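To start, the structure itself, in structure tokens.
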Amino acid sequence: MMIKIQGVEEKDLRPLQHIIDMYNMHAQLKISPETAEEAVIAFTETEIRDYIEVKAVFSSNDAEVLKESFQKHAPRDLADKEKRKRAKQARSHVLVKLLNTWTKTVQPWGTLTGIRPTKLWHSLYRDGMELESIQTYLQNDYLVTPEKTALLEEIGLRQHHVLPDLYDLANGVSIYIGIPFCPTKCAYCTFPAYAINGKNGSVETFLEGLHIEMEQIGNWLRKTGVPVTTIYFGGGTPTSITADEMDALYAKMYEVIPGIHHVREITVEAGRPDTITPEKLEVLSKWSIDRISINPQSFDNQTLKAIGRHHSVEETKEKYDLSRKMGMKNINMDLIIGLPGEGEKEMQHSLNETEQLLPESVTVHTLSFKRASTMTKQKDKYKVAEPDEIEKMMKQTADWMKTHDYHPYYLYRQKNILGNLENVGYSFEGKESLYNIIIMEEVQSIIGLGCGAASKWVHPQTKKISRFANPKDPVTYNNHYEEYTHKKITALDELFNNQSGIKAGTKV
Ligand code: SF4
């Protein structure tokens, strides 16, 4: 259906389209050009004392006229930019209410688009707002459901429990290392992941570059005394390279990263079970890697085949058992809700299988149709469950986690995620991934090394965030890693310039 929006300037239409997009699972809605109207939403906006009041009327041929209004607090002396922001929030609020009524659905995250719900929760908590008031505020102003505000509170408090210095980590850094290779490419994947035996650059040359990059960043860390909190190997699949290559890489890490024995957590994703071998597990143990990920995604062989995982359920279980036997004490498993052809029955099967293994943490993703993935390009080929069923699967999973003593500890949302829901990391007490919390809450800078690694700079004082991306493909990386490393060091110098009170080896 084409919707004509009245009373809103052209430049303010985008956030409204984002809201309308959230309902696309329920109705094909688009803001229309002037002539193609099938429904009209007419907005009016007025300032009343210390409030901005937005009213809107929805009318179409096949529905009764609907009306909504909302007053957003906006004191008169507020800066213009902030006033515009609040007017935008008020328009979003009114639009969500109208569309909820019209489509007879509820958006669980209300008006929240393009913002991390947990970050918003933390900003309110850090400002000293009472827990109950945070919940009320998020429900009233942002129309987040009580179920989701309770989830946010549970996650926010757990993060504080796990990282009591969560708000004081900005003087340190974490390191992300991207290994861009996988045995094959999965259909839903948009990560920098190239078939390891393909033509996208030589693995040896990439690793040579990575060693040098690590060395130079290590030198910078030594020179400045900026401490490292966590290290995370992702990709791709970091266990796609050989055991010897892994051994050399971790040896280099221990050699060049100062204070490595004080680093609180080192994770290596071993996502694809087909990359795990006894030799590689030996290397992981040898270098005291704290945490690995073995990702089933689903425990249904047909689904795995359909999404191009190229490993079987049996192999996942076998490699999990092997990892346990070889001393891995903190294993994460990823599951995906809403994979093609899967509904509640298949989800229950995956949960039953997970029960046999009981990994220390389970990250539950909801399938999202990312623009560049094969799945999105061939959407017709992949039949996925309806939003109602996705929501039931999400609840089924959350209930299962609760009864098995897993606690939610981080959460994020993505664009085009099925049912407009979320991804949630669950873990047993004390087995949370610190890196995942740090990156989601953006509480300290992350230095990205290797392919596709995005560095995130969090200014230690202002907390202003900027980003810097390494090249995604190995060929460009191999040709330019020196230039990129140099740029990163310059950025880090600026970021940490004139910092006081940071001493080498300080545990941050
Ligand atoms: S294993 Fe992970 S990184 Fe590799 S192709 Fe599949 S989803 Fe992408």
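The values are calculated or read from the model by the stated rules, or taken from the named source; none is laboratory data. Being a predicted model, the structure only gives us computed values, none of them experimental. All Cβ positions, glycine included, derive from the backbone under ideal geometry; neighbour counts span all protein chains shown.
The residue that is modelled with the highest pLDDT, counting only those in segment 478-508 that are assigned to a loop (DSSP other than H, G, I, E, B) and within 14 Å of Q461 (Cα to Cα), is N497. Residues that are touching a Leu at 6+ places or on another chain (Cβ under 7 Å) and outside any helix (DSSP H, G or I) were ranked within segment 242-275; the one that is farthest from the ligand (Cβ to nearest atom) is P258. Restricting segment 205-241 to residues that are of a type in the set (A, V, I, L, M) and assigned to a strand (DSSP E or B), the residue that is farthest from the ligand (Cβ to nearest atom) is V228.
Are any of the residues in segment 191-198 without any contact (Cβ under 8 Å) to a residue 40 or more places away in the chain and away from the ligand (no atom under 16 Å from the Cβ)? Within segment 191-198 (the criterion being without any contact (Cβ under 8 Å) to a residue 40 or more places away in the chain and away from the ligand (no atom under 16 Å from the Cβ)), the answer is no, since none of the residues qualifies.
Being assigned to a helix (DSSP H, G or I), away from the ligand (no atom under 14 Å from the Cβ) and over 30 Å from K104 (Cβ atoms) is a property that L322 has.
For segment 154-162, the criterion of being closer than 30 Å to E494 by Cα and away from the ligand (no atom under 16 Å from the Cβ) is met by at least one residue. Taking only pairs six or more apart or across chains, which ones have beta-carbon atoms under 9 Å, a first residue in segment 288-302 that is without any contact (Cβ under 8 Å) to a residue 60 or more places away in the chain and surrounded by fewer than 21 Cβ atoms within 10 Å (Cβ to Cβ), and a second residue that is assigned to a loop (DSSP other than H, G, I, E, B) and polar (S, T, N, Q)? Cβ pairs passing all conditions: D290/N330; N301/S312.
Cβ-Cβ distances below 6 Å connect the following pairs, each with a first residue in segment 234-248 that is in the same structural domain as S285 (by the TED database) and closer than 21 Å to I447 by Cβ, a second residue that is near the ligand (Cβ under 10 Å from one of its atoms) and of a type in the set (F, W, Y), and a separation of six or more residues or different chains: G236/F181. Taking segment 166-189 as the range and being among the β-branched types (V, I, T) and within 8 Å of the ligand (Cβ to nearest atom) as the test, only T184 passes. Using the structure shown, decide if L98 is in contact with a Leu (Cβ under 9 Å, 6 or more places away or on another chain) and surrounded by 14 or more Cβ atoms within 10 Å (Cβ to Cβ). Yes; evaluated as a whole, the condition is true for this residue.
Within the span defined as segment 435-458, one or more residues are more than 30 Å from M328 (Cα to Cα), out of contact with any helix residue (DSSP H, G or I) (no Cβ under 6 Å at 6 or more places or on another chain) and either assigned by the TED database to the domain that holds Q297 or surrounded by 20 or more Cβ atoms within 10 Å (Cβ to Cβ) (or both). Just to be sure, is K345 out of contact with any His (no Cβ under 6 Å at 6 or more places or on another chain) and free of Cβ contacts under 8 Å to residues at least 24 places away in the same chain? It is true that K345 is out of contact with any His (no Cβ under 6 Å at 6 or more places or on another chain) and free of Cβ contacts under 8 Å to residues at least 24 places away in the same chain.
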